[in-house]
Every structure is written in structure tokens, then in C-alpha cells.
Amino acid sequence: MKFSKTIITIFLLAISTISCSSDDGKDGVDGVDGAPGATGTANVIYSAWMTAPAAVAETIDGTSGLSTTINAPELSADILAKGTVLVYMSFGSGTYQLPYTSTAGGAVNTVTPILSLQKIKLFRFKHVGDGTTVGLPTTLNWRYILIPGGVQAATSKMAKVDYSKMSYEEVCAYLKIQP
């Protein structure tokens, strides 16, 4: 009996020694690359802060107001159709996402962006149509952020974000862009 335990012990020791080799733990052969990942923030396009030309009186869809236009050369038909466009206005000590509603000039009014190919029209109108307008001064600063829509909403982390609930600083941090 003692002899059979010794043989079994030697046998188990031999198996464990043979099953371990000095090659274990070395890097294996490279595998096949996986599918491309989702579009990330590297594709986000953003402008520098800029001023806009003097505003002119304009009526859009029956609403009178003042408008000016900034160039956005990267604003493509594809981004208009499938992407997200964020426009910001900066004045005083704050930065505000458009559309922006305030009581500037003593009346409730809104500054809103109107998007078109390579252009963003900035339109300010009063909520009370009394024939007067609230200024759209050239001292305001503007910036746009373009987020291409190359990934379906069901799979895109960026498509699920509600940027309107985020401050300008939070959006910049999330998209990893310079404020």
C-alpha cells in the first residue's frame, strides 16, 4: 500500500511538472482587430469665440426682430441632418446656450440660432409683438460646437446627453474641449 501511494505521489508530481512550462505567461500571437468603436469626442468641431457683424431688422416666420450671421464653414449637410449643434453667447460674466431668453431691454425676448449650410443666423425677437426690437450688440461673443452624428442614438453615449441641462463648462469638460 505504501508503495502504491509513493507511485501515485511521484505520478502526480510528474504531471504537475510537465503541465507547467517556462513559456507560460509569455505574450501570445496577436489576434484579429475588433470592430471600430463609436465616434468619440475627437470628431467634435468647435469654433473660437468671435463677434458677429452688426444686426439688421428682419422678419422671420411673421416674427420681427434683429439678426446677424456668423460663418460656420464646418457646418455640413450631414451635421445638419444627423448631428448636434450647440451655440453659445457670452457677455458680462456669463456664457449661455442658445436659445437664450431674458428680460433685456425691459421685455421678455429670446436669442435663437437658425442653422443653415456653413452659417448660423442669430435672431433676437421680443415675445410681445409691439413693433420694437431689443438690440443685438456687436460686443456679444459667440461660439459653436458641432457634434457629428455618425453613430445611431441607440448606441451613442453622446447622443443620449441632454446638453441643455449642462453648463457651458460642463459641456466643455464632457467633450474635452477648451472653454
*Looking at the range 110-141, which of its residues are closer than 14 Å to GLY65 by Cβ, among the aliphatic types (A, V, I, L, M) and either assigned to a loop (DSSP other than H, G, I, E, B) or over 20 Å from the mean Cα position of the chain (by Cα) (or both)?*
VAL111, LEU122, VAL128, VAL134, LEU136
*For the range 51-65, name all the residues that are loosely packed, with under 12 Cβ neighbours inside 10 Å and closer than 11 Å to LEU122 by Cβ.*
PRO53
*Considering the range 133-166 alone, what residues qualify as being at pLDDT 90 or above and among the hydrophobic types (A, V, I, L, M, F, W, C)?*
LEU136, LEU140, TRP142, ILE145, LEU146, ILE147, MET166
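Limited to the range 56-77, what total is found for residues that are over 28 Å from the mean Cα position of the chain (by Cα) and in contact (Cβ under 8 Å) with a residue 24 or more places away in the chain?
Going residue by residue through the range 56-77, those that are over 28 Å from the mean Cα position of the chain (by Cα) are 56-66.
Next cut, in contact (Cβ under 8 Å) with a residue 24 or more places away in the chain only: 57-58, 60, 63-66.
Within the range 56-77, residues that are over 28 Å from the mean Cα position of the chain (by Cα) and in contact (Cβ under 8 Å) with a residue 24 or more places away in the chain number 7.
Go through the residues of the range 69-83 one by one and say whether even a single one is at positive phi, outside any strand (DSSP E or B) and not acidic (Asp, Glu).
Step one: filter the range 69-83 for residues at positive phi, giving none.
Scanning the range 69-83 turns up no residue that is at positive phi, outside any strand (DSSP E or B) and not acidic (Asp, Glu).
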*Of all residues in the range 95-109, which are in a loop (DSSP other than H, G, I, E, B) and either without any contact (Cβ under 8 Å) to a residue 12 or more places away in the chain or loosely packed, with under 13 Cβ neighbours inside 10 Å (or both)?*
THR103
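The values are calculated or read from the model by the stated rules, or taken from the named source; none is laboratory data. This structure is a prediction, so every number in the text was calculated from the model and none was measured. Reconstructed Cβ throughout: ideal geometry from the backbone, glycine too, with neighbour counts over all protein chains shown.
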